[in-house]
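The values are calculated or read from the model by the stated rules, or taken from the named source; none is laboratory data. On a predicted model such as this, the values are computed, not experimentally measured, just so you know. Virtual Cβ from ideal backbone geometry, glycine too; neighbours counted across all protein chains shown. In case anyone asks, the SASA skips ligands and DNA or RNA and just uses the protein heavy atoms, side chains included. Shrake-Rupley method; radii C 1.70, N 1.55, O 1.52, S 1.80 Å.
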Amino acid sequence: MLNGDICIVGTVRNGGEGFKGTLSRILRLDASSGVSQVIITTNDNQDETDQLLEEAANQSDVFQIVRLDGLINAYKNRVERIAVARNFALEKILLSEHTPKYTLVMDLDGVNDEFDILKVRKIIEKTTLDWDAITANQTEAYYDLYALRHRTWCPDDCWRELENAKRRRFFKKKNIRLLRDEYIHNRQFKIPEDHSWIEVESAFGGLAMYKTASLKGCWYSPRDSLGNLTCEHVVLHKQMIEKGRKIFIAPDLINKAPSEHLGPASGREFNLSKL
């Protein structure tokens, strides 16, 4: 059992309607849920996000709000800002007087507005696998290729591959759509909920549960070893893998796939043996 030893972590800016639903879901958690701490980093909001966070902190003793206003001027790229915000929260967890056994990192933009902490608990308790991180799947199609690294499914940054392919030749808009299907949507498979856990080098999908001890000595970065802009989760997970830690997609850990990230070719049947 998790026994009140989970810290929920998220970062948000101008969260909108999706944030309201996720925040409401988190606020409904009680002592029996296993959550002892919630840390949300935020910066430079221009909507009602600050007000919603203040109200949440007033309603719950476990909420900690970390405001990082000015990030939007200090870092031009969104991934750079997110990496800084995530590292603030990670450092806060690892240096806390009572380090939680588990750290649950969540996107707060609506993909988790039906989040069920009890489902996460059951998934963890029933597995016999040795794991350090488990990440989410989606019913319609697995969408988060940016954070995904798997030696045959998605070994590299697929968005960088797409941009490189565009530059190699002149493409009309129709052909660019075909390229997007080739590099992105054709890889967004529908993974059955009863599929066995899939070991990966990196994944996220808007939700990841970590053994907090497995995060020690690791940090988020928006740049890979060559200085290329990349997903901050990929760099964190690369460090974990180098330390011998194991990361999985848990197909029955379901949240939502943002429709804007999917295309007509998304949702093909998943068959790892054919990749």
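Screening the candidates Lys190, Lys166, Lys216 for the property of being open to solvent by 20 Å² or more (accessible area, probe 1.4 Å), touching a strand residue (DSSP E or B) at 6+ places or on another chain (Cβ under 7 Å) and not hydrophobic (A, V, I, L, M, F, W, C) yields one hit, Lys190.
Any idea which residue in the range 68-83 is surrounded by the fewest Cβ atoms within 10 Å (Cβ to Cβ), counting only those that are without any contact (Cβ under 8 Å) to a residue 60 or more places away in the chain and among the hydrophobic types (A, V, I, L, M, F, W, C)? Taking the candidates together, the pick is Ala74. Leu71 meets all of the listed conditions (1) out of contact with any Lys or Arg (no Cβ under 9 Å at 6 or more places or on another chain); (2) at pLDDT 95 or above but one, namely (1). Between Arg121, Arg86, the distinction of being under 14 Å from the mean Cα position of the chain (by Cα) and either buried (at least 17 other Cβ atoms within 10 Å of the Cβ) or within 16 Å of Ala213 (Cβ to Cβ) (or both) belongs to Arg86 only. All of Leu226, Leu179 fail the test of being open to solvent by 60 Å² or more (accessible area, probe 1.4 Å), among the hydrophobic types (A, V, I, L, M, F, W, C) and at pLDDT below 95, apart from Leu226.
Residue count for the range 103-135 under the criterion of being without any contact (Cβ under 8 Å) to a residue 12 or more places away in the chain and either part of a helix (DSSP H, G or I) or touching a His at 6+ places or on another chain (Cβ under 8 Å) (or both): the result is 2. Taken over the range 10-38, the criterion of being surrounded by fewer than 22 Cβ atoms within 10 Å (Cβ to Cβ) and either of a type in the set (Val, Ile, Thr) or under 20 Å from Arg78 (Cβ atoms) (or both) is satisfied by Asn14, Gly16, Glu17, Gly18. Taking the criterion of being at pLDDT below 95 and of a type in the set (Val, Ile, Thr), the residues of the range 27-68 that qualify are Val35, Val62.
Conditions tested, residue by residue: (1) in a loop (DSSP other than H, G, I, E, B); (2) touching a Pro at 6+ places or on another chain (Cβ under 6 Å); (3) in contact (Cβ under 8 Å) with a residue 40 or more places away in the chain.
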| residue | (1), (2), (3) |
| --- | --- |
| Arg167 | no, no, no |
| Leu179 | no, no, no |
| Glu182 | no, no, no |
| Tyr220 | yes, no, yes |
| Ser225 | yes, no, no |
| His237 | no, no, yes |
